[in-house]
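Only one structure is covered here, and it is reproduced in the block below.
The numbers here are math on the coordinates, done by the rules we state, and not lab data. No experiment lies behind these values; they were computed from the predicted model shown. Neighbour counts are summed over all protein chains in view; Cβ atoms, including those assigned to glycine, are modelled from backbone coordinates with ideal geometry.
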Amino acid sequence: MCLAIPGKIMSISAQLDETFRTGLVTFGGIQKEVNLCMVPEAQVGNYVLVHVGVAIGVVDEEEAMKVFSYLKEMGEVHELEATVS
Amino acid sequence: MKYLSEYRDPEMVEAFLKEIHHITTRPWTLMEICGGQTHSLVKNGILNMLPANITMVHGPGCPVCVTSVSVIDEAIFLAEQPHVIFCSFGDMLRVPGSKKSLLECKASGADIRILYSPLEAVQLAKNNPDKQIVFFAVGFETTAPSNALSVVQAAKLELNNYSILASHVLVPPAMEAILSDTNNTINAFLAAGHVCTIMGMEEYEPVAEKYKCPIVITGFEPVDLLQGILMAVKQLEKGEHKVENQYTRYVQREGNRMAVDIINSVFAVNDRVWRGIGTIPNSGYEVNEQYKNYNARIKFNIDIEKAMENKDCISGDIMKGLKKPKQCPNFGAKCKPEHPLGAPMVSSEGACAAYYQYAGINHV
Ligand code: SF4
């Protein structure tokens, strides 16, 4: 639960005001709607570090790839699968 | 034990290990704060590769482990109210309260949902106007901005059916509580990388100075941890006590100011009871006056008796670095992941569960 997982911004879905900037982020195939308000500089194609549905920092692609495969190997990405029902 | 070749950067792992062995001349005790780091140290077999006179002890940085019995009881009280959908991160469900866990409460019919993000709970509130949605807002500084944001969004959407049960904990006051304990043996800290992505480095400086204790902000992969240990031991051997940053690719000195602003707009610092440790002054966040309508404690008028902690569990001594999981008489006997007696056996980031799960493999 404390981990932050890097993913790639596929599209910006909404920008209503400063707390409602959201985008679709993909984590090795799993797609999530992520809040982007804390990373105003992040654009489509950028990689962001996401913690419980909110992007908390921007990372470069190479780093993002490495971290994601490390987390996957450690079996740490399952939390992405919990969804609203 | 893992083979070095399995790591992301085996040469670097080997180089850091060599250097640590080379420079260590005296016994040192280091504590990693974050449960994710504990998990990584144990799972990757790093504890066995360090010089014999370096002892790693495992800190309180796992929200699942430090949330008090009373707060679990409050969560259960809320989950059992009519028309409430109680939402939580999955890890919290198995933590024992004074009588039962949220999982048992769910089994007997309470509407409890596991969510990935508090923002999904806001969505749920929007979609279910006839229900009260309560989110269990636990976590360290890393999680606080997301939980705060959920309240800001609910307020903007003018939802009156959303509230949070806040049980946030903060790292620097916990470090101080550990360092000021008369039995303290810790010489240096590895601070939690992602916490500092949000909060930055500055709040650690007074702690390092006051207790003459090196603090190295560290990531959670094997290479990060070894580099962090090396930086800390270097300082100790030279008699220094600085705040250093190993995790420069994610941590900036000033942190993420926008995240800190959102935290400060919704939360106020308060005293918090840490499971096993007791009350630590100014070590938590509670919903502030401005957003009190989103505070589940006020909204549902929670008034339940404060429960006593399970005396058989020595988790407090473990999280203060005074004992190792295997020194607990219940470890692996009365207390196992399937029947946890205490919280550090519940989460994979808890020290007891990490030792239980990987001890056979890594001989820790
Ligand atoms: S082994 Fe179980 S009872 Fe002992 S400290 Fe760990 S969680 Fe508590």
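What the table shows:
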| read-out | value |
| --- | --- |
| Within 10 Å of each Cβ in A:30-42, the average number of Cβ atoms from other chains | 3 |
| Inter-part distance where region B:28-54 and region B:57-98 are each reduced to a Cα centre, Å | 27 Å |
| Assigned charges on the beta-carbon of Lys, Arg, Asp, Glu; chain B dipole about Cα centre (debye) | 600 debye |
| Nearest-0.05 FRET efficiency for residue B:183 and residue A:69, computed from C-beta distance (R0 30 Å) | 0.10 |
| Total charge dipole magnitude, the protein assembly as shown, about the Cα centre, Cβ charges on Lys, Arg, Asp, Glu only, Debye to nearest 20 | 940 debye |
| Cα-based equivalent ellipsoid of region A:5-84: semi-axis lengths in Å, sorted from largest, via gyration tensor | 20, 14, 10 |
| Charge dipole of region A:5-84 about the Cα centre (unit charges at C-beta), most positive-ward option of A:37, A:14, A:53 | A:14 |
| Chain lengthening between residue B:261 and residue B:305 when straightened (0.36 nm per residue, less Cα-Cα) | 12.4 nm |
| In region B:294-354, chymotrypsin sites (Phe, Trp or Tyr not before Pro) in a DSSP loop with at most 11 other beta-carbon atoms within 10 Å | none |
| For residue B:164, residues with placed amide H under 5 Å, excluding near neighbours | B:135, B:295, B:296 |
| Where labels lie 7 Å past Cα in the beta-carbon direction, separation of residue A:43 and residue B:209 in nm | 4.1 nm |
| Residue-by-residue Karplus 3J(HN,Hα) for region A:35-42, coefficients 6.51, -1.76, 1.60, Hz, glycine and proline x | 7, 10, 5, 8, 10, x, 7, 6 |
| Relative contact order (percent, whole number), region A:5-84, Cα cutoff 8 Å, 6+ residue spacing | 28 percent |
| Estimated 222 nm signal from helices in chain B, with DSSP H stretches of n ≥ 4 weighted -39500 (n - 2.57), rounded to 500 | -10500 deg cm²/dmol |
| Above-threshold pairs, the threshold being 21 Å between Cα atoms, out of B:238/B:326; A:32/B:43; B:212/B:234; B:100/B:324; A:72/B:326 | B:238/B:326; A:32/B:43; B:100/B:324; A:72/B:326 |
| Filtered GluC sites (Glu not before Pro), region B:227-274: DSSP coil and at most 14 other beta carbons within 10 Å | B:240, B:254 |
| Phi-based couplings in Hz for region B:151-168 (Karplus 6.51, -1.76, 1.60; Gly and Pro marked x) | 5, 4, 5, 4, 5, 5, 7, 6, 7, 9, 10, 10, 8, 10, 9, 8, 9, 7 |
| Mean shadow area of the protein assembly as shown, taken as a quarter of the surface of its Cα convex hull (nm²) | 19.9 nm² |
| Long-range amide H partners of residue A:57 with built H, under 5 Å | A:49 |
